[in-house]
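Structure first, commentary second.
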Amino acid sequence: MILRNKPVLPSENKTSVRVAVTLPVEETYLYLVPRDLEPSAQVGCRVEVPFGKRKVTGYILEHEAPAGDKDLKEIGRVLDPEPLFHRSLVPFFRWMSEYYLYPLGRLIQSALPGGLNVHAYRSARLTAKGEDALRFLPGRSEERKLLIWVREHPGKRAPSSLDRLHAFEKKGWLVLEQRITKRRGGPLIKRFVRAREDVALRDLTEQDPRSLRAKDEMAFLEAVFSSQGILSEELSSRFANGAYLVRKWLKKGILEAYQTSVLRDPAGNVLLPSPPPKELYAQQREALGVITKQLARGTFSAFLLHGITGSGKTEVYYQAIRQAMELGRQAILLVPEIALAVYMEGILRSRFGDRLAVYHSGLSEGERYDQWMKMARGEVPLVIGARSALFAPFPNLGLVIVDEEHDPAYKQEEGARYQARDAAVMRGKLADAPVLLGSGTPSVQSYYNASRERYTLIRMPDRIEQRPLPEVQVIDMKDFSSEGKEEEILSPALREALDAAMTSGKQAILFLNRRGFHRVHLCRTCGKPVRCPNCEVSLIYHLRENRLACHYCGFHCLPQTLCPACGREGLRSYGFGTERLEAELKDLYPRLRAARMDRDSIRRKGHTFELLRKFTRREIDVLVGTQMVTKGYDFPDVTLVGVIGADFSLGFPDFRAAERTFQILSQVAGRAGRGEDTGRVIIQTFYPEHYAVTAARDHDYPTFFQKEIELREQLGYPPFSSLACLRLQGNHKRKTEDMARRIAEQMIQVTGSWPKRGKDLQVLGPVEAPLSKLKGKYRWQIFIRSKGPNLLHVFLKRVGETLKRGLRGSGVSLTIDIDPYQML
């Protein structure tokens with residue numbers, strides 16, 4: 001691409017850099033580096049560069065010799081004093097961009113701490129001609145209102161559409177200007193004071209003892225002189241007259257003030273420390289032996305650690321990380337959710353101390369910046385975090401661990417729609433580092449790869465100390481449902497088991513993967529539910545806030561008495577969620593200490609940690625929750641797990657529905673019986689004979705895998721094919737549908753024009769999405785199925801530019817999701 005605005009002739013003595021700009025473009029661009037910026041223009045730094053008539057942010061990927069036949073623009077500014085990532089991370093960024101079909105600059109921007117990102121916007125400045133226009137424009141005209149707003153808000157983001165502003169600019173009323181937002185994240189700067197090096201406290205008190213007349217003045221000076229530097233705000237909190245004393249002794253020249261950056265503490269408190277065991281069990285030693293051999297070689301290999309719940313996988317992770325550290329290399333430990341990151345941090349910080357970073361979206365922007373820079377500077381050899389920790393800027397990566405590798409939370413569902421587990425394997429391959437995928441219920445894809453020897457399978461089939469697996473009882477809820485009868489929440493068997501657990505002083509977990517109090521409000525006259533005006537879903541009733549809410553767009557309203565569809569009275573509530581389950585428990589057991597763990601109950605930062613700590617300390621008897629409670633926590637006093645609705649996930653329009661059901665049931669069942677007492681699990685379901693339920697009941701992963709893989713092969717679903725989902729959404733239902741049909745026809749024509757390769761591609765759809773309207777947008781989907789990922793990418797790149805051109809100005813947007821996990 002040739003950029004001709006203010007060209008700078010390349011010189012043999014000048015350097016140039018390859019830059020990925022934060023725009024929806026696939027290409028990267030070459031820019032010259034001015035002499036004064038050469039020392040700071042390093043790979044991994046952000047730069048401000050001209051792009052057309054705009055200034056945008058970009059990332060330096062590499063240094064190149066200037067192309068002799070091109071006129072290159074110069075970079076304007078280097079925005080960082082030090083690199084944000086190492087050059088070794090660039091190949092991984094490039095692979096991610098190419099595989100998931102997402103612009104490289106935007107991908108890097110999403111990987112970095114959010115507070116570092118800056119965005120361009122348009123502002124308007126009123127001209128003298130615009131001031132004159134204000135004198136003759138009608139007092140209530142829209143033009144006058146807009147010009148007054150511009151005059152009163154200099155430098156602010158313009159409030160109107162660009163078309164209107166351009167029209168005003170042509171009239172000479174205002175000037176449009178490009179501005180860039182300031183970054184929100186950065187180092188936390190604090191003010192310190194310290195004693196001058198050439199001054200001794202003894203000399204000071206002997207020479208002028210009369211100067212120490214203020215209250216606590218001697219104690220104040222002792223505190224300052226005994227430290228290398230002390231926070232000004234700490235002195236103000238310790239001494240009532242601390243601010244006065246600081247000013248006094250600064251003025252005398254005895255103390256000096258300075259500013260420096262300090263680290264925010266994202267960890268706070270951690271859960272109870274977990275000391276390492278005196279010795280490993282045989283299966284742990286065998287698993288670790290296989291992994292450490294590969295670590296010593298310093299080459300890539302992918303391992304699937306299939307260890308049942310309670311088999312001691314976490315200890316294997318710790319020992320492998322320690323081995324990588326001893327070899328002078330760095331490690332990434334991924335967990336599927338923030339709550340589990342907090343839990344895992346508690347275990348590993350008690351052993352590694354401050355030699356680790358924590359990185360996830362639950363931290364503030366400043367905390368994420370601090371943790372990121374600790375990694376980029378090489379100050380810590382380990383990071384624990386959710387999927388975003390995959391991008392940790394480690395230059396010498398030696399080990400990647402993905403705990404609970406089966407968990408669907410590893411799939412990013414917005415922006416760059418990557419699968420962190422699959423991307424972790426590629427990160428390890430590019431860094432020559434072993435990758436360890438661990439799970440008690442491996443994903444069908446990973447187990448299939450292990451069966452084909454693409455991954456090395458490591459089995460840990462026994463619980464530590466040979467503890468027995470919990471006894472699982474399946475309850476057919478059809479026996480407790482009848483016409484006109486209120487829906488049963490707790491079966492008699494589950495209530496009896498709860499009685500026994502509470503009598504014996506043990507703890508219980510009740511799992512229900514539905515939030516809220518009532519699930520739907522139905523009209524008894526017309527039979528229609530109360531729906532969200534923005535989404536094609538029913539509103540959920542929440543008792544605590546006394547409101548109906550949408551779990552997708554956040555819309556909420558007060559409970560209604562009249563049906564919105566027919567206008568008659570007679571709305572009735574049906575169904576139940578975690579909030580109602582918690583309320584029913586407290587009604588049945590008034591003295592029971594119950595708590596709820598779902599997205600509604602742990603919104604406040606740190607609440608997850610508080611809840612887990614209370615449960616660990618046995619300050620809570622029963623923990624009610626959604627999928628959050630199914631993760632890899634170890635609570636020795638939990639002897640009962642109740643699954644309230646085992647088959648809710650079976651009804652999803654998704655070929656992975658059975659796999660997810662088996663995994664959820666097995667994982668939550670694995671929370672029981674991890675201590676000295678045998679555990680018991682009660683599963684309530686309307687489909688007790690489904691193979692996912694029976695396999696979970698029997699703790700039989702091989703049987704489940706065999707039935708599932710045979711079904712996938714018959715239907716041609718992954719891992720026997722590669723899949724992509726094209727999602728179209730727009731404000732108008734008919735336009736969105738027409739565009740979806742037009743795109744599908746174009747793609748079918750392309751496959752038909754490929755006589756050989758076209759037979760290995762299928763265009764499925766278009767179809768209206770199961771959630772046909774979401775956040776005010778109408779949604780349609782087209783699925784592309786291919787025999788392999790290479791052919792799928794060739795096809796999508798072939799049709800991609802045509803699709804983009806066809807969508808311009810249509811009001812319909814397109815998202816391409818490679819390896820989709822969300823079919824709704």
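For the chain, what does the relative contact order come out to in percent, with C-alpha contacts under 8 Å and a separation of six or more? It would help to have the intermediate numbers written out before the result.
Values: 1553 pairs, mean separation 77.8, N = 824.
Value for the chain: 9 percent.
I'd like the accessible area for His556: 1.4 Å probe, protein heavy atoms, all chains in place, Å² to the nearest 10.
Surface open to solvent at His556 totals about 90 Å².
Quick one: length gained pulling Glu82 to Leu558 fully straight, 0.36 nm per residue minus the C-alpha distance?
166.2 nm
Please give the solvent-accessible surface of Ser721 in Å², to the nearest 10, using a probe radius of 1.4 Å with every protein chain present.
Ignoring ligands and nucleic acids, Ser721 comes out at about 20 Å².
Using Cα-Cα distances under 8 Å and only pairs 6 or more residues apart, what relative contact order does the range 261-420 have, in percent?
On the way: 215 pairs, mean separation 45.0, N = 160.
28 percent.
In sequence order, what are the phi-derived ³J(HN,Hα) couplings for the range 699-710 according to the Karplus relation 6.51 cos²θ - 1.76 cosθ + 1.60 with θ = phi - 60°, rounded to whole Hz, with x for glycine and proline?
6, 10, 5, x, 5, 4, 4, 4, 5, 5, 5, 5
Once neighbouring chains are kept in place and the probe is 1.4 Å, which whole percent of the accessible area of the chain is contributed by carbon and sulfur? Numbers along the way, then the final one.
Details: 18330 of 38750 Å².
Roughly 47 percent, rounded to a whole number.
Quick one: 3J(HN,Hα) in Hz for the range 739-756, Karplus 6.51/-1.76/1.60 with θ = phi - 60°, rounded, Gly and Pro as x.
5, 4, 5, 5, 5, 4, 5, 4, 5, 5, 4, 5, 4, x, 7, 9, x, 9
Going toward the positive end of the dipole of the chain, with +1 on Lys and Arg Cβ and -1 on Asp and Glu Cβ, which of Leu32, Ala158, Leu112 do you reach last?
Positive-end residue among those listed: Ala158.
Just flag the GluC sites (Glu not before Pro) in the range 396-454 sitting in loop per DSSP whose Cβ has no more than 14 other Cβ atoms within 10 Å. Mind dumping the intermediate values first?
Numbers: sites: Glu404, Glu405, Glu413, Glu414, Glu453; in loops: Glu404, Glu405, Glu413, Glu414, Glu453.
In loop regions of the range 396-454 (DSSP not H, G, I, E or B), the sparsely surrounded GluC sites (Glu not before Pro) are Glu413, Glu414, Glu453.
Cα centroid distance between the range 716-766 and the range 564-611, in Å?
Each part reduced to its Cα centre gives a spacing of 42 Å.
Go through the range 302-309 residue by residue and turn each phi into a ³J(HN,Hα) via Karplus (6.51, -1.76, 1.60, θ = phi - 60°); whole Hz please, and just put x for glycine and proline.
9, 10, 10, 8, 9, x, 4, 4
Protein chains only, probe 1.4 Å: how do Tyr410, Tyr541 rank by accessible area, largest first?
Values: Tyr410 0, Tyr541 30 Å².
Largest to smallest exposure gives the sequence Tyr541, Tyr410.
Show which aspartates and glutamates lie in cross-link reach of Lys73 when reach means a straight Cα distance below 12 angstrom and same-chain residues fewer than eight apart are skipped.
Partners within reach: Glu48.
Rounded if a/c is under 1.5, else prolate if a/b beats b/c, else oblate: with a ≥ b ≥ c from the C-alpha gyration tensor eigenvalues square-rooted, which is the chain?
On the way: a/c = 1.41, a/b = 1.14, b/c = 1.23.
Taking the square roots of the gyration eigenvalues as a ≥ b ≥ c, the chain is rounded.
Using the basic label-point model (7 angstrom from Cα toward the beta carbon), what is the Asp354 to Glu465 distance in nanometres?
The modelled label-to-label distance comes out at 3.5 nm.
For the range 424-575, what's the relative contact order in percent, using C-alpha pairs closer than 8 Å and at least 6 residues apart?
Worked out over the range 424-575, it gives 14 percent.
Write out the GluC sites (Glu not before Pro) in the range 669-709 meeting two conditions: DSSP loop, and at most 13 other Cβ atoms within 10 Å of their Cβ. Display every interim value, and only then the final one.
Details: sites: Glu676, Glu689, Glu708; in loops: Glu676, Glu689.
Within the range 669-709, the qualifying GluC sites (Glu not before Pro) (loop, at most 13 other Cβ atoms within 10 Å) are Glu676, Glu689.
Work out how much length Glu197 to Glu584 would gain on full extension: take 0.36 nm times their residue separation and subtract the Cα-Cα distance, in nm to one decimal. The partial results should precede the final answer.
On the way: separation 387, 0.36 × 387 = 139.32 nm, distance 6.78 nm.
Net length gain for the segment: 132.5 nm.
For each pair in Lys55/Lys804; Lys171/Lys733; Lys171/Lys777, compute the distance between the two Cα atoms and list the pairs where it is over 27 Å. List each step's numbers first, then the result.
Details: Lys55/Lys804 24 Å; Lys171/Lys733 38 Å; Lys171/Lys777 36 Å.
Exceeds cut-off: Lys171/Lys733; Lys171/Lys777.
State the antiparallel share, in %, of DSSP beta bridges confined to the chain, rounding to the nearest 5. Spell out each step's value before the answer.
Working: 76 of 127 bridges.
Expressed as a percentage, antiparallel bridges in the chain total about 60.
Which sequence of His86, His306, His551 reflects their accessible areas, 1.4 Å probe, from the largest down?
Numbers: His86 80, His306 25, His551 55 Å².
Heavy-atom accessible area, descending, gives His86, His551, His306.
Can you give the accessible area of Ser451, probe radius 1.4 Å, in Å² rounded to 10?
70
Taking a 23 Å limit on the Cα-Cα distance, which of the listed pairs Lys759/Lys797; Lys313/Lys787; Lys156/Lys773; Lys411/Lys775; Lys756/Lys787 fall beyond it? Walk me through the numbers before you get to the answer.
Working: Lys759/Lys797 18 Å; Lys313/Lys787 35 Å; Lys156/Lys773 34 Å; Lys411/Lys775 21 Å; Lys756/Lys787 13 Å.
Long pairs (Cα-Cα over 23 Å): Lys313/Lys787; Lys156/Lys773.
For the range 430-523, count the residues as N, evaluate 2.2 N^0.38 Å, and divide the Cα radius of gyration by that value, please.
Dividing the Cα Rg of the range 430-523 by 2.2 N^0.38 Å gives 1.72.
In straight Cα distance, which aspartates and glutamates are under 15 Å from Lys293, not counting same-chain residues fewer than 8 positions off?
Correct list for Lys293: Glu326, Asp432.
What ranking do 510-520, 580-590 get when scored by the average of other Cβ atoms within 10 Å per residue, highest first? Show your work: numbers first, answer last.
Working: 510-520: 22.0, 580-590: 16.7.
Per-residue Cβ counts within 10 Å, averaged per peptide and sorted highest first, yield 510-520, 580-590.
Could you tell me which chymotrypsin sites (Phe, Trp or Tyr not before Pro) in the range 342-381 are loop residues by DSSP with no more than 10 other beta carbons within 10 angstrom of their beta carbon? Numbers along the way, then the final one.
Working: sites: Tyr343, Phe352, Tyr359, Tyr369, Trp372; in loops: none.
Counting only loop positions with at most 10 other Cβ atoms within 10 Å, none of the chymotrypsin sites (Phe, Trp or Tyr not before Pro) in the range 342-381 qualifies.
Take Arg54 and Ala167, extend 7 Å from each Cα along the Cα→Cβ direction, and tell me the distance between the two endpoints in nm.
Roughly 2.3 nm, to one decimal.
Give the accessible surface of the chain per residue, rounded to a whole number of Å², with probe radius 1.4 Å and ligands, DNA and RNA excluded.
47
Would you list, by chain and number, the lysines whose Cα falls below 17 Å from the Cα of Lys248, excluding same-chain residues fewer than 8 positions away?
The qualifying lysines are Lys215.
First measure r as the distance between the Cβ atoms of Thr525 and Asn546, then evaluate 1/(1 + (r/R0)^6) with R0 = 30 Å and state the FRET efficiency to the nearest 0.05.
On the way: r = 24 Å, r/R0 = 0.80.
E(calc), rounded to 0.05, equals 0.80.
Just to make sure I understand: if all protein chains stay in place, what is the order of Thr561, Thr57 by accessible area at 1.4 Å, largest first?
On the way: Thr561 100, Thr57 10 Å².
Ranked from most to least accessible, the order is Thr561, Thr57.
Report the label-to-label distance for Asp132 and Asp479 in nanometres (one decimal), using points 7 Å from each Cα along the Cα→Cβ vector.
With each label point 7 Å from Cα toward Cβ, the separation is 9.1 nm.
The values are calculated or read from the model by the stated rules, or taken from the named source; none is laboratory data. Just so it is clear, the model here is predicted, and its values are computed rather than measured. Because the Cβ atoms are built from the backbone with ideal geometry, glycine has one as well, and the counts that use them run over all protein chains shown. Please note that ligands, DNA and RNA were not included when accessible areas were found on the heavy atoms of the full protein model with its side chains. Shrake-Rupley method; radii C 1.70, N 1.55, O 1.52, S 1.80 Å.
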